[in-house]
Amino acid sequence: MCAFTHPLGMNMNDIKLEARRHFLRFLAGSPLLASLRTTPGFCDDLEPAEVSNLISEPGEAINVFDFEKVAEHELPLAHWGFLKSGVGDDGSVRANRDAFSNYYMRPRRLVGVSEIDMSVKLFGTKWETPIALCPAASQGAFYEDGELAVAQAAKNKRHLMILSTYSSNSVTDVAEAYGGPIWFQLYAQANFEVTRGLIAKAEAAGCPAIVVTVDQIAGGNRDTLNRYRKLDTRECSDCHTGEPKPNFEGLKRSGGLRAGLTWDSVKRLRGITDRKLLLKGIVTGEDAKLCLEHGVDGIIVSNHGGRSESSNWASLDSLPEVVQAVDGKVPVLIDGGFRRGMDFFKALALGADAVCIGRPYLWGLAAFGQEGVEQVLEILRREVRMAMMTAGTPSIKDIKRSHLAAV
């Protein structure tokens, strides 16, 4: 998708961002605030004092939550409900955040931490930071350019990006925007030939890794999403046309997602690609051992950000048993609730090789497009660096389990 260019040479997204900044500055002191609170897309949870504190440009952000507030204000209600929601009463979403309070750091002194090396290696590729971008579907719902803007931000800040099967832009276009190897997240389809076709497209786009999501089994009643949908008076067909996502172009899609994946399914997938194969959604030691037995190259510990199950079991709490079962044989990544630099440090100390984020970069995207994503990544990098300095760990390999203690 190409952005429209204004006759005077300004990109349409730039024009929108500048207009948004002026609007937010105006809104902070505007007498029209009370009437605006009743319009679709303006969140009723925001008090006037909170609105006056909305940042008007990315550089004003103190932490990633500043982008959440703008995204909540900027997005239509149904889209915000989709981004915010988990399963049921959002218990797993809360559990992901609460789990970080179960550990505290044990700092070491006089180590010499004037220089910090945050680099990690995954499958032989060196990344400057352990922070990766999770796959997230339909990013065009949050910003016009969607994954293309995210890819540009990830490229500029040099972060690993994982693209969703259900992206608003094709894997070919996103890989081109990124200018390097992105990973492809796969939802296995009921029609195996469609699955084969998706993998072939990812391979043709140069993706070195296929990340198979295995945690979307039963789904669930998303209370928060359904409540926000009721409040949104727009006609959904205005922006959701029902057309297939770009990655399915040319494929005879039928039957939707594959239900009832088994280890035989993993074996079959392993047999049709020579790319690195990771399973996303593994949360137990037993399944981690089975991953090794079935030739899986890596694991992402995940409860889908609380969106796939109502177990109320945090990703962070399941990480140690997966790490123990794998015993260093394959990389272990994790996602779920990561918002602050100390969160990342705790996961790395518990044995994660890298940490993936979802909602924070989507907040940045919804708030300010590519600039917002870049600033979210910059804030998190800075906070991880500070956490490492505080702990006395000059490099990622220096972060050990002994740097944490349980509350």
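Remarks
- Fully extended contour minus Cα-Cα distance, from Ala200 to Glu115, at 0.36 nm per residue: 26.4 nm
- Annotation: extensible slack from Lys329 through Glu176 equals 51.9 nm (criterion: 0.36 nm per residue apart, minus Cα-Cα distance).
- Rounded if a/c under 1.5, otherwise prolate or oblate - region 80-150, Cα gyration tensor axes: oblate
- Note on Ser254 and Glu60: their simple-model spin labels are 5.4 nm apart, each label 7 Å out from Cα toward Cβ.
- For Thr273, the shell of other residues with beta-carbons less than 15 Å away shows a net charge of +3, using +1 for Lys and Arg and -1 for Asp and Glu.
- A Förster distance of 25 Å, applied to the separation of the beta-carbon atoms of Met386 and Arg94, puts the FRET efficiency at 0.45.
- Cleavage-rule hits (trypsin sites (Lys or Arg not before Pro)) in region 136-193: DSSP loop, at most 16 neighbouring Cβ within 10 angstrom: Arg158
- Among 64-72, 198-206, the order from most to least packed when residues are scored by Cβ within 10 Å on average: 64-72, 198-206
- With the highest mean first, a sort of the peptides 348-359, 96-107 on other beta-carbon atoms found within 10 angstrom per residue produces 348-359, 96-107.
- Low-density loop positions, GluC sites (Glu not before Pro), region 336-407 - DSSP coil, at most 11 other Cβ in 10 Å: none
- Stretching Ser402 away from Tyr104 to a fully extended chain increases their span by 106.2 nm, per 0.36 nm per residue minus the current alpha-carbon distance.
Readers should treat all values here as calculations from the given coordinates under stated rules, not as data from a laboratory. Please read all numbers here as calculations on a predicted model, not as lab measurements. Here Cβ is always computed from backbone atoms with ideal geometry, including for glycine, and neighbour counts include all displayed protein chains.
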